[in-house]
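Only one structure is covered here, and it is reproduced in the block below.
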Amino acid sequence: MPHIDPRSTLLSMDEGTLRKLEFESIREVIAGYCGCALGKRLALSMEPAHNADLIRQWLAQVDELIRIAPDHDYPPMGGVHDIRDAVTQSAVPPPLEPLELARIAETLRATAPLRTWLMRVSTVTPTLTKLAERVDDLSPIGVTIGESIDGRGEVLDHASAKLNSIRRSIDSAQANVKVVFDRLLRSQSHTKLLQYSGATFHNDRMVLPLKAEYRGRIAGIIHRSSDSGSTLFVEPAESVQLNNTIIRLRDDEIKEVTEILRQLTRRISANGNAILATLRAMGVLDLIAAKARYAKKRKCICPLIDEGCVLDVQQARHPLLVELFANEAEAKAGDPESSPRVVVPSDIRLGDDFDVLVVTGPNTGGKTVIIKTVGLLALMTQCGVPIPAAAGSRMPVYKSVFIDIGDEQSLQQSLSTFSSHLSNQLRILQRSGSRSLVLIDELGAGTDPDEGAAIGHAVIGELLRLGTKAIVTTHLSALKAVPFSTERADNACVDFDTESMAPTYVLHIGEPGTSNAIVIAERLGMPMRLVKQATEYLSSTSRALDQAIKGTLKSRRQAEQARRDAREVSREAEDLRRAAEAEGAALRQQQQAFDQWTAWVNALAPKDEVYIKPLDRKGKVVRVQLHKQMALVSAGAMDIEVPLRDIAPVGDK
C-alpha cells in the first residue's frame with residue numbers, strides 16, 4: 001500500500017459534533033494507554049480521516065500489534081521524551097541546556113531497542129514494517145552525549161581533557177583554601193576574634209565572621225558587614241590569591257562547558273531531520289500500541305471498512321459507558337456486595353435496507369445512548385481506533401458527522417429550545433450529503449405535538465432526498481407511521497421494562513416503540529376506571545396505528561431473527577478465519593526461527609561463544625558433530641558434550 005499523507009485526508013470535523021459526542025474523552029482514554037509523551041500528544045489531537053485506504057492502514061497496524069503482542073509484547077518506549085522543540089531549537093544559538101541534552105540522549109538511546117523490536121517482528125507485521133523504515137538507530141548520538149552529560153544534566157569531568165584539567169585545578173585550589181581556613185580556625189588567638197567558629201561564603205569566596213570591634217586584627221579584605229553592623233565578613237589575605245585563582249578557573253570552566261554544549265548541539269542540529277522523522281514514527285508507533293492496549297483491555301475489535309456506506313455493527317457498546325462501568329468495577333473490586341454495572345450491547349445497522357432509522361419510545365435516555373454510540377463508533381473508526389463491538393462488524397467512511405442533541409437554547413438570540421434545535425437541524429440539512437451521518441435526538445419536540453410531528457416528517461423526507469444516513473429519535477407517536485409509508489426508512493425501539501420502569505437499552509430494529517404512558521400510570525397506581533378512560537380517549541388514528549404495528553410485528557421479528565442468525569454464522573466464520581490466520585502466522589514464525597537456528601548451527605566454528613541452556617551459562621565451541629547432532633563445548637574448566645538443541649546464540653538467552 002502506498003504511503004498516504006494523513007494531513008491531506010483529515011476531516012474538518014464539526015467542533016460541535018465532537019463536543020456533544022464527548023470525543024475529547026475518547027482522546028484522553030487512548031492517551032492514557034500511551035507509553036510516552038510523543039504518543040500522548042498524537043492521541044490528544046486525533047482527528048477523523050475520510051480516506052478509506054488510510055483508515056484501513058491504521059486499523060491493519062493496530063490489528064497486527066494486537067495479534068503479535070502476546071508473543072512479542074509492545075514496542076519499547078522506555079526513556080522516550082518529547083524532544084522535538086529542543087531539536088528544532090538546536091539549529092539556532094544559544095546551545096542547548098545540559099538537561100535538554102540529557103533528555104535528548106536518553107531518547108536517542110531508546111531508538112536501539114525499538115529498532116531491535118521492529119526487526120524482530122518484521123516478518124509477521126508487514127504494515128508495521130513500513131514504519132520501521134522511518135525509525136533510525138540514533139543511539140550512537142545518544143551514547144556520545146551520555147559520555148559528556150549524565151542523566152541529571154550534569155556535564156561530566158571527562159567531557160573534555162581541558163575541562164578535566166580545569167576541574168582538577170579548581171579542586172586543588174579549593175583544597176589549599178581549606179588548609180588556610182582550617183589553620184586559622186584552629187588558632188585560639190583567631191577564633192576569639194570571631195562571632196562564631198566557622199567560615200561562610202560571600203559571592204563564592206570563603207570569609208570569616210569577624211567581630212566589628214576587632215576590625216584590622218585579621219589581615220584581609222572586608223567584603224560586607226551584617227545588618228546590625230556587629231559582624232564583618234573578612235577574606236584572609238592568605239586566601240585572596242587562591243580565591244582569585246578559583247574564580248578565574250570557574251570562568252574557564254563555564255567557557256569550556258559552553259563549548260562542549262555547543263559541539264553537542266551542533267551534532268543534534270546536523271542530524272535534526274533524521275531525529276525529527278524518527279520521533280514522528282516513534283509517536284505513531286506509540287499511538288498504535290495505545291490503541292492495541294485499549295482494544296485488549298476493553299475487548300474491542302478493528303471493524304471492516306465497508307466499500308459503500310453501510311454500517312452494520314453487532315454487540316455495539318457505548319465506549320464511554322464501557323470505560324465508566326469498568327472503572328467503577330475496578331474501584332469496587334474488593335467489595336463483595338457491589339454489583340458491577342454492564343453496558344447492554346445492541347445490533348445496529350444503517351445504509352443497507354434503509355437510510356433513515358426512526359427510534360421511537362418513551363423519553364428515558366435509552367434512545368440517546370443509541371445515537372451517541374453510533375456517533376462515537378464512527379469517529380473512533382475513522383481515527384483508526386478499535387471499537388467495542390463483535391468481530392465482523394462493518395463501518396463505512398463518512399465525509400461528515402452531525403448531531404443535534406441536548407439543550408442548545410441561545411439566550412443571546414432569544415431563541416426557544418425548539419427554535420434553536422430547528423435552526424441547528426436546518427444548518428445540518430444544508431451541509432449534509434449522501435456520505436453524511438446525521439444524528440438527531442427528540443425530533444419535533446418542544447412544540448405542539450401535531451406541528452412537531454409534521455416538521456419532523458418533513459425533516460425525515462429531506463434527509464431521504466439527500467441520501468443522508470440518519471438516526472433520529474422521537475417520542476411523538478405520529479412519526480412512527482412515517483417508515484410504513486416511506487421507502488428507505490425504518491422504525492426501531494429501545495426496550496422498556498414496565499416492571500422496573502427503566503429502559504433495557506436493547507434495540508429492536510423494525511419495531512416502533514410505544515410511550516407506555518398508560519401502562520406506567522397503571523403501575524404507579526392509577527385507578528382502573530381512569531386507566532380505561534385514558535385508553536378510550538386515545539385517538540382512533542393512534543389505535544389503528546397500534547393495530548397495524550401489531551399485525552406486522554411477528555413477521556418483522558422473524559425477519560430480524562433470521563438476519564441475526566445469518567450474522568452469527570458470518571461472525572463464527574470470521575472467528576475461524578482469524579484463528580487460522582493467527583495459527584498460520586505462528587507456524588511461519590516458528591519455521592523462520594528454526595531456519596535461522598539451523599543456519600547459525602551450520603556456521604558454528606571452534607571458539608565461537610554459545611549459550612548452554614541446561615547450565616544457564618556461556619561456553620565456547622570446541623567442535624561440532626552435525627552427523628551426531630552434538631557439540632563439544634568448553635564451559636570453564638571442563639569440556640562437555642551437549643545436544644545441538646541445547647545450545648543457542650548468546651543473545652537469545
Residue match in region 353-376 (condition: surrounded by fewer than 22 Cβ atoms within 10 Å (Cβ to Cβ), among the polar types (S, T, N, Q) and part of a loop (DSSP other than H, G, I, E, B)): yes
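Mind listing whichever residues of region 71-85 are part of a loop (DSSP other than H, G, I, E, B) and either open to solvent by 30 Å² or more (accessible area, probe 1.4 Å) or out of contact with any Cys (no Cβ under 7 Å at 6 or more places or on another chain) (or both)? Outline the logic, then answer.
Start the filter on region 71-85 by keeping residues that are part of a loop (DSSP other than H, G, I, E, B), which leaves 73-83.
Selection gives Asp73, Tyr74, Pro75, Pro76, Gly78, Gly79, His81, Asp82, Ile83.
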Region 157-180 residues that are on the phi < 0 side of the Ramachandran plot and touching a residue at least 60 places away in the same chain (Cβ under 8 Å), paired with ones that are open to solvent by less than 70 Å² (accessible area, probe 1.4 Å) and not in a helix (DSSP H, G or I) (beta carbon under 7 Å, 6 or more apart): Ala159/Ser148; Val177/Met206; Val180/Pro236
Filtered residue count, region 117-155, keeping only those that are open to solvent by 40 Å² or more (accessible area, probe 1.4 Å), of a type outside the set (Gly, Ala, Ser) and not in a helix (DSSP H, G or I): 8
Residue count for region 200-242, restricted to those that are modelled with pLDDT of 90 or more, under 19 Å from Gln174 (Cβ atoms), open to solvent by 50 Å² or more (accessible area, probe 1.4 Å) and of a type in the set (S, T, N, Q): 1
Neighbours by Cβ (under 7 Å, 6+ apart or cross-chain): first from region 442-455, under 23 Å from Ile403 (Cβ atoms) and open to solvent by 60 Å² or more (accessible area, probe 1.4 Å); second of a type in the set (Val, Ile, Thr) and at pLDDT below 90: Gly446/Thr417
Near pairs, Cβ below 8 angstrom, 6+ apart or cross-chain, from region 489-505 (on the phi > 0 side of the Ramachandran plot) to any residue that is open to solvent by 20 Å² or more (accessible area, probe 1.4 Å) and in a strand (DSSP E or B): Tyr505/Asp495
Matching residues, region 564-623, being modelled with pLDDT of 75 or more, outside any strand (DSSP E or B) and surrounded by 13 or more Cβ atoms within 10 Å (Cβ to Cβ): Trp597, Trp600, Val601, Leu604, Asp608, Lys613, Leu615
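Kindly check whether there is at least one residue in region 188-203 that is in contact (Cβ under 8 Å) with a residue 12 or more places away in the chain, out of contact with any Gly (no Cβ under 6 Å at 6 or more places or on another chain), assigned to a helix (DSSP H, G or I) and not β-branched (Val, Ile, Thr).
Within region 188-203, the first condition is being in contact (Cβ under 8 Å) with a residue 12 or more places away in the chain, and the residues that meet it are 190, 193-200, 202-203.
Filter once more, keeping what is out of contact with any Gly (no Cβ under 6 Å at 6 or more places or on another chain): 190, 193-200, 202-203.
Narrowing the set further to residues that are assigned to a helix (DSSP H, G or I) leaves 190.
So of that shortlist, the ones also not β-branched (Val, Ile, Thr) come out as 190.
Yes, because at least one residue in region 188-203 is in contact (Cβ under 8 Å) with a residue 12 or more places away in the chain, out of contact with any Gly (no Cβ under 6 Å at 6 or more places or on another chain), assigned to a helix (DSSP H, G or I) and not β-branched (Val, Ile, Thr).
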Selection count, region 332-352, where residues are assigned to a loop (DSSP other than H, G, I, E, B), closer than 14 Å to Arg394 by Cα and open to solvent by 30 Å² or more (accessible area, probe 1.4 Å): 1
Pick from region 40-66, criterion under 22 Å from Val124 (Cβ atoms) and in contact with a helix residue (DSSP H, G or I) (Cβ under 6 Å, 6 or more places away or on another chain), ranking: most open to solvent (accessible area, probe 1.4 Å): Ile66
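Can you say whether Ala105 is assigned to a helix (DSSP H, G or I), within 21 Å of Gln57 (Cβ to Cβ) and open to solvent by less than 60 Å² (accessible area, probe 1.4 Å), as far as the supplied structure shows? If you could, list the steps in order and put the result at the bottom.
Details: assigned to a helix (DSSP H, G or I): yes; within 21 Å of Gln57 (Cβ to Cβ): no; open to solvent by less than 60 Å² (accessible area, probe 1.4 Å): yes.
No: the conditions fail for Ala105.
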Residues of region 86-102 that turn out to be assigned to a loop (DSSP other than H, G, I, E, B), in contact with a Leu (Cβ under 8 Å, 6 or more places away or on another chain) and among the small types (Gly, Ala, Ser), as a count: 1
Residue in region 282-291 that is open to solvent by 60 Å² or more (accessible area, probe 1.4 Å) and modelled with pLDDT of 95 or more present: no
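Do we find that Leu437 is modelled with pLDDT of 90 or more, in a strand (DSSP E or B) and either of a type in the set (S, T, N, Q) or closer than 29 Å to Leu18 by Cβ (or both) in this structure? Talk me through it step by step, then tell me what you get.
Values: modelled with pLDDT of 90 or more: yes; in a strand (DSSP E or B): yes; either of a type in the set (S, T, N, Q) or closer than 29 Å to Leu18 by Cβ (or both): yes.
Yes.
Of all residues in region 456-482, which are over 18 Å from Val401 (Cα atoms) and either outside any helix (DSSP H, G or I) or among the β-branched types (Val, Ile, Thr) (or both)? Walk me through how you get there before you give the answer.
First, the residues of region 456-482 that are over 18 Å from Val401 (Cα atoms): 456-458, 461, 474-482.
Once the filter is applied, which keeps residues that are over 18 Å from Val401 (Cα atoms) and either outside any helix (DSSP H, G or I) or among the β-branched types (Val, Ile, Thr) (or both), region 456-482 yields Thr474, His475, Leu476, Val482.
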Subset of region 495-511 [part of a strand (DSSP E or B) and either modelled with pLDDT of 85 or more or basic (Lys, Arg) (or both)]: Leu507, His508, Ile509
Matching residues in region 142-184 - criterion: being closer than 27 Å to Val234 by Cα and among the polar types (S, T, N, Q): Ser169, Ser172, Gln174, Asn176
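The values are calculated or read from the model by the stated rules, or taken from the named source; none is laboratory data. Quantities reported herein were computed from a predicted structural model and do not represent experimental measurements. All Cβ positions, glycine included, derive from the backbone under ideal geometry; neighbour counts span all protein chains shown. To get the accessible areas, we keep the full protein, side chains included, count just its heavy atoms, and leave off ligands, DNA and RNA. Shrake-Rupley method; radii C 1.70, N 1.55, O 1.52, S 1.80 Å.
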